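One structure is given here, and the rest of the page talks about it.
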Amino acid sequence: MPNWVIAGRNRVRRSNMNGMNGKVALITGASSGIGWATSEALASRGASVVLAARCQEELTALAQKIQASGGRASYVRADVSVSADVENMIAQP
């Protein structure tokens, strides 16, 4: 399967989400919607996910769900509009 998808006149590189073992993904907005779904998808493909969002309760629930299914997840409460939160989010082990 090619790594390129033709969209109109532009070439758009397709992301290969297989083989995520050994990769770490930092997902902002992980407590709901697309962020939640992305977190589950990447974890199910072997990525270690670091979940970030403002809502601690949902982060805890998602991390526990991923871990219960055999995935690796940690989380940090962060508001990306606050510089100190962003620095702390990036500094997570």
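Before moving on, here are some points about what is shown:
- Shape call, the range 18-90: gyration tensor on alpha carbons, a/c limit 1.5: prolate
- Note on the range 50-93: dipole from Cβ charges, positive end direction compared against Ala91, Gln67, Ala53; the farthest Cα belongs to Gln67.
- Net charge over other residues, Cβ less than 11 angstrom from the Cβ of Ser31 (K, R count +1; D, E count -1): 0
- Only Cα pairs under 8 Å and 6+ residues apart enter the sum, and on that basis the relative contact order of the range 18-90 stands at 28 percent.
Coordinate-derived values only; no laboratory data. Just so we're clear, the structure is a prediction, and the values are computed from it rather than from any experiment. Reconstructed Cβ throughout: ideal geometry from the backbone, glycine too, with neighbour counts over all protein chains shown.
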